[in-house]
Structures are given as structure tokens and as C-alpha cells.
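Asks: Pasting a structure here, questions to come.
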Amino acid sequence: MSSLPLEPAQSCPAQGLKGEVSVPGDKSISHRSLMFGTLALGDTEIRGLLTGEDVMATAEAMRRLGAVIERDGDDFRVSGVGVGGLQEPALPLDMGNSGTSTRLILGMLATHDLTAVVFGDASLNKRPMARVTDPLSQFGARFMARLGGRLPLAVQGTADAMPVRYVSPMASAQVKSAVLLAGLNAPGETTLIEPTPTRDHTERMLRGFGASVTSEASNEGLAITLTGQPELRATPVIVPGDPSSAAFLAVAGTIVPGSALTITNVMQNEHRTGLFQSLVDMGADLALVNPREVAGETVADVQVQSSSLKGCLIPADRAPSQIDEYPILSVAAAVASGTTRMEGLEELRVKESDRLAGIIDMLGAAGVVTRSGEDWLEIDGLGGPVPGGGLVETQLDHRRAMSTLILGMVAEKGMGVDDRNCILTSFPTFVTLFNDLGADIA
Ligand code: S3P
């Protein structure tokens with residue numbers, strides 16, 4: 001999405017990050033609030049939307065599909081078209097860097113009688129789409145994609161959808177959500193079975209908008225069943241703070257000496273909080289205080305202080321609840337004493353970049369020893385600051401950039417990235433927020 005040129009940044013050793021901060025709205029809920037608002041009848045008021053580039057790509061796509069979206073700061077109003085009411089977009093849909101926007105929107109398009117072309121930036125155009133186009137074809141949609149199911153692709157949605165029962169081969173909330181969104185405009189019941197539970201924002205929010213969605217354990221995994229062709233009603237959404245953005249503050253507050261941070265209003269959905277658990281397992285002084293319910297999700301304030309961390313085993317079954325947090329968790333492991341072993345990492349290979357390779361590259365550039373296989377990683381922590389002095393290629397991956405800049409705060413010679421503009425996709429205030437807390441990112 002970003003047409004900005006690469007802008008290098010350097011992060012130098014920091015002392016004592018202190019203060020109380022809030023993070024931008026959750027990215028997953030922000031995307032869904034715009035999409036469900038579009039598929040509902042009436043006006044959906046959204047408070048605290050993330051205004052990063054990924055979510056703005058979703059907003060622009062929803063406009064092209066017929067929604068009217070008005071903005072007042074971080075508050076948005078979506079006037080929807082209803083299930084079955086999407087218009088054929090006159091121009092190709094530019095999804096920028098956002099895999100979530102792309103895969104969920106393909107689900108919406110698959111069961112509408114229209115043809116659309118979807119494309120993204122150099123990172124998104126490399127990512128696999130067959131994981132959604134395969135199940136969406138079962139509804140009757142047709143896709144023409146580049147080799148390996150890559151973008152740009154054309155979708156011809158079906159006017160005559162069949163409901164689908166699909167057993168997902170991977171733990172992916174995007175695959176689950178694409179199938180459920182297609183099921184919205186198919187008659188009868190659509191069922192998606194996931195091998196391991198993943199973030200459940202789609203199910204929870206669709207219920208809030210008036211759809212019938214049930215979840216029950218089955219022999220094959222968790223079976224989620226949606227009754228098609230509901231009349232979705234506009235519903236106000238309050239977007240809680242993004243735990244994936246709070247993760248950068250939680251790790252920095254733990255590893256930068258002399259720090260004490262309170263991160264307010266952080267969503268505590270059980271499918272999103274693996275990183276906080278991993279930090280506690282490593283010995284972090286981290287507490288979740290003041291838990292409360294906000295618009296159907298629990299939020300809490302996260303208090304962290306600098307702590308000595310110990311390497312440990314991070315089990316595979318925790319992967320779905322911290323799938324975006326491995327780059328920053330690796331930074332914590334690099335300064336912990338002893339070895340940290342992470343398992344179940346196969347999905348990291350298909351994120352905004354190959355994140356397993358990215359972590360190895362980042363830590364290598366900082367003088368940290370790692371060993372890895374196809375889906376596991378071991379990091380030999382140095383029990384204190386790392387040598388640093390490296391420059392990391394971000395490859396349009398915001399989480400690579402942010403993780404490297406946090407690593408620079410505990411690196412004797414600092415750390416550099418070739419581009420900080422990619423951070424605008426998810427955490428536009430990252431650099432100013434950290435510098436206001438006492439970091440030195442230039
Ligand atoms: C997301 C699901 C995850 C995550 C992504 C957001 C979502 O992807 O990595 O950042 O909002 O559904 P997968 O479902 O592919 O694991």
C-alpha cells in the first residue's frame with residue numbers, strides 16, 4: 001500500500017523506559033468491523049479503529065464494494081449494503097500489504113454475483129492464496145490466479161452458492177473467516193472445522209451483528225457452523241487495544257534495564273495472549289491488572305518491569321495464540337540466559353515475509369547464535385545485552401522492523417533497519433511512542 005520510499009532507522013541502547021501508554025486499536029477487530037458493517041443494514045459506529053495502512057486498505061475496498069464510510073479521527077461510521085448487496089468494483093482492489101484484508105474479502109466476494117480483481121504489494125503478491133481459494137471454490141466461485149495461487153488474481157463470485165463443510169488443514173483464523181464470510185451468502189449451514197482453535201473474532205462479532213454461529217468440539221477439531229443468509233444488523237463496535245502491538249512494549253519494558261511500563265486497555269482474548277504467558281514463563285515481572293469487559297472482549301492493563309529472563313521451551317500448542325509475536329519473543333530470548341526452544345513455527349514461513357528466516361537473520365546480525373529446522377528454532381540467549389551493530393532488511397514486514405528496533409535498545413552497538421515506513425501498516429505511532437518513553441530511535 002505504502003508508496004513511500006524506504007526510510008532507514010537506527011535504534012541505540014536505551015535506559016529506563018517509563019510511563020503509561022495505550023496502543024492503537026486491534027487490527028483483526030478493525031478489519032472485521034469495517035467488513036461486517038458493510039454486510040449489515042444500517043449505520044455501524046466504530047470507536048478507536050486502527051488507522052494503519054492495512055485497515056485503510058480494507059476501508060477503501062469496502063467503499064468500492066458499495067459501503068459509505070465516514071471518518072472522524074479514529075471513529076468511523078459505515079453505512080452497509082447488507083448480505084448479498086455488494087456491488088461489483090469498477091477498479092481492481094488494492095490490498096497493499098494486508099493478508100487479512102485479502103483473504104477475508106475473497107470470502108465475501110466468493111458468494112456475490114460479481115467479478116473482481118485483487119492485488120497487493122511485493123510482499124502480499126508472494127503469499128499463498130490457495131489456502132482460501134480452494135475452499136471458496138467449493139461454494140461455486142471461480143478464481144484465476146498467478147502460479148502457486150498468488151496475487152494478482154481474479155475472482156468470479158457465484159450467484160448460486162452451495163453451503164460448504166470444510167476441514168481446514170492449517171490453524172488459520174484467516175482461512176476460517178474466509179469460509180464463514182462466504183457462508184454468509186450461501187443458503188443453509190456452512191461448517192468450518194479447525195484442527196487447533198484460532199482467534200475467534202469473526203465468530204464473536206458475527207453473533208453480535210445478529211448471525212447464528214455455533215462452535216462445538218468434534219473428532220476432527222473445533223466445528224464452527226454458521227446459518228447462511230442472515231439479516232445482519234448494524235452494531236456499534238469499540239475496538240480494544242491490540243495485544244500484538246502491546247507485545248513490543250511488554251518485551252521492551254522487560255528487557256530494557258530500569259524500565260516500568262503500564263500499557264492500558266489491552267485486549268485479553270485467550271487466543272491472542274500467548275506472548276504474555278511466554279514472558280511470564282521466562283521469568284518476566286508482568287501483571288495483568290484491572291480486567292474489564294468492553295464490547296464483548298475482556299481488556300486489562302499490562303504492567304511490566306525490567307526483569308532477568310531465562311530461556312525455556314515455548315510449546316507448539318501456544319503458536320496460534322502468539323502467531324504474530326515470534327519476532328519480538330525472539331528478541332526477549334536473545335537477552336535471556338540459556339537456550340529458548342520454539343516449536344510449531346511452520347506458519348511463520350508464510351507471513352508478510354518468511355519470519356523464521358527473518359528472525360535468524362535479525363539475531364545473526366546482532367551476534368546471537370541460533371539453530372533451526374523447518375518448524376522449530378533454538379536461540380542461545382546471552383544473559384544480557386547483545387553485541388548488535390547489524391543492519392536488517394525488513395522486506396516490507398512491519399514486525400521485522402519493530403522487533404529489530406527493540407533489539408537495538410539492548411544491543412551494545414545498536415541495530416539498524418533499511419526501512420521504517422513498513423511499520424505504518426499496523427502501528428503508525430511506534431517510533432514517537434517509544435521515543436516519548438525514553439528510547440532513542442533515529
Ligand atoms: C489474523 C490471523 C492470523 C494473523 C494475522 C491476523 C486475522 O493469520 O497472523 O496477522 O485477523 O484473522 P493466520 O490466520 O493466517 O494465522
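Asks: Restricting attention to segment 65-77, report how many residues are surrounded by 15 or more Cβ atoms within 10 Å (Cβ to Cβ), in contact with a strand residue (DSSP E or B) (Cβ under 6 Å, 6 or more places away or on another chain) and farther than 17 Å from D26 by Cβ. Outline the logic, then answer.
Replies: Residues of segment 65-77 surrounded by 15 or more Cβ atoms within 10 Å (Cβ to Cβ): 65-67, 69, 74, 76-77.
Retained after the next criterion (residues that are in contact with a strand residue (DSSP E or B) (Cβ under 6 Å, 6 or more places away or on another chain)): 67, 69, 76-77.
Next, from what is left, pick out any that are farther than 17 Å from D26 by Cβ: 67, 69, 77.
Of the residues in that region, 3 qualify.
Asks: Identify all residues within segment 149-170 that are away from the ligand (no atom under 16 Å from the Cβ) and open to solvent by less than 50 Å² (accessible area, probe 1.4 Å); write none if there are none.
Replies: L153, A154, V155, G157, T158, A161, V164
Asks: Give me the helices (runs of 4 or more DSSP H) completely within segment 243-339, filtered to those with at least 2 residues that are of a type in the set (S, T, N, Q) and open to solvent by less than 30 Å² (accessible area, probe 1.4 Å), ordered by residue number. Working first, answer last.
Replies: Values: elements: 243-255, 274-281, 326-335.
Once the helices (runs of 4 or more DSSP H) in segment 243-339 are filtered for at least 2 residues that are of a type in the set (S, T, N, Q) and open to solvent by less than 30 Å² (accessible area, probe 1.4 Å), what remains is 243-255.
Asks: Given the conditions (1) touching a strand residue (DSSP E or B) at 6+ places or on another chain (Cβ under 7 Å); (2) part of a helix (DSSP H, G or I); (3) open to solvent by less than 10 Å² (accessible area, probe 1.4 Å), and given that T133 satisfies all but one, which numbered condition is not satisfied?
Replies: Every listed condition holds for T133 apart from (3).
Asks: Of all residues in segment 340-352 being within 16 Å of the ligand (Cβ to nearest atom) and open to solvent by less than 10 Å² (accessible area, probe 1.4 Å), which is farthest from D54 (Cα to Cα)?
Replies: So the residue we want is M342.
Asks: Pairs under 7 Å by beta carbon, first residue in a strand (DSSP E or B) in segment 15-40, partner away from the ligand (no atom under 13 Å from the Cβ) and small (G, A, S), six or more apart or different chains?
Replies: Cβ pairs passing all conditions: K18/S259; K18/A260; K18/G438; S22/G241; G25/G48; G25/G241.
Asks: Hey, another quick one. Looking at segment 78-98, which of its residues are open to solvent by 10 Å² or more (accessible area, probe 1.4 Å), assigned to a strand (DSSP E or B) and within 23 Å of R47 (Cα to Cα)?
Replies: S79
Asks: If you don't mind, there's one more thing I want to ask. Given the conditions (1) touching a Ser or Thr at 6+ places or on another chain (Cβ under 9 Å); (2) part of a loop (DSSP other than H, G, I, E, B); (3) open to solvent by less than 50 Å² (accessible area, probe 1.4 Å), and given that T404 satisfies all but one, which numbered condition is not satisfied?
Replies: So T404 meets the others, but not (2).
Asks: If you check every pair at least six apart or on different chains, which have Cβ atoms under 6 Å apart with a residue in segment 272-297 that is in the same structural domain as R318 (by TED's automatic domain parsing) first and a residue that is hydrophobic (A, V, I, L, M, F, W, C) and in a loop (DSSP other than H, G, I, E, B) second?
Replies: Within 6 Å, the pairs are D281/C312; M282/L309; M282/C312; M282/A336; G283/L309.
Asks: Does segment 171-228 hold any residues that are of a type in the set (A, V, I, L, M, F, W, C), over 26 Å from T44 (Cα atoms), within 16 Å of the ligand (Cβ to nearest atom) and open to solvent by 10 Å² or more (accessible area, probe 1.4 Å), and which are they? Before you say what the answer is, go through the steps one by one.
Replies: Filtering segment 171-228 for residues of a type in the set (A, V, I, L, M, F, W, C) gives 171, 173, 175, 178-182, 184, 186, 192-193, 205-206, 209, 211, 213, 217, 222-224, 226.
The next check asks that each one be over 26 Å from T44 (Cα atoms); those that pass are 171, 192-193, 217, 222-223.
Next, from what is left, pick out any that are within 16 Å of the ligand (Cβ to nearest atom): 171, 192-193, 222.
Those that are of a type in the set (A, V, I, L, M, F, W, C), over 26 Å from T44 (Cα atoms), within 16 Å of the ligand (Cβ to nearest atom) and open to solvent by 10 Å² or more (accessible area, probe 1.4 Å): A171, L222.
Asks: Any residue at all in segment 373-384 that's β-branched (V, I, T), out of contact with any Leu (no Cβ under 9 Å at 6 or more places or on another chain) and more than 16 Å from the ligand (Cβ to nearest atom)?
Replies: Just the residues of segment 373-384 that are β-branched (V, I, T), to begin with: 379.
Add one more test, that the residue is out of contact with any Leu (no Cβ under 9 Å at 6 or more places or on another chain), and what stays is none.
Within segment 373-384, not a single residue is β-branched (V, I, T), out of contact with any Leu (no Cβ under 9 Å at 6 or more places or on another chain) and more than 16 Å from the ligand (Cβ to nearest atom).
To keep it simple, each residue is scored yes or no on (1) within 16 Å of S98 (Cβ to Cβ); (2) not assigned by TED's automatic domain parsing to the domain that holds I105.
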site	(1), (2)
G16	no, yes
S33	yes, no
F36	no, no
E45	no, no
L49	yes, no
M62	yes, no
A67	no, no
R71	no, no
V81	no, no
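Asks: Something else: Taking interchain pairs and intrachain pairs at least six residues apart, which have beta carbon atoms under 6 angstrom, with the first residue in segment 88-109 and over 10 Å from A178 (Cβ atoms) and within 11 Å of the ligand (Cβ to nearest atom) and the second modelled with pLDDT of 95 or more and among the basic types (K, R)?
Replies: From segment 88-109, the pairs are G99/R127.
Asks: Here is a further query. What pairs come up if the first residue lies in segment 120-137 and is at positive phi and away from the ligand (no atom under 14 Å from the Cβ), the second is among the hydroxyl-bearing types (S, T, Y) and assigned to a loop (DSSP other than H, G, I, E, B), and their beta carbons are under 6 Å apart, counting only those six or more places apart or on different chains?
Replies: As it stands, the answer is none, since no pair meets every condition given.
The values are calculated or read from the model by the stated rules, or taken from the named source; none is laboratory data. What you are looking at is a predicted structure, and each value in this text was computed from that prediction instead of being measured. Glycine also receives a Cβ, built like all others from the backbone with ideal geometry; neighbour counts cover every protein chain displayed. The accessibility values were calculated without ligands, DNA or RNA, using every heavy atom of the protein model including side chains. Shrake-Rupley method; radii C 1.70, N 1.55, O 1.52, S 1.80 Å.
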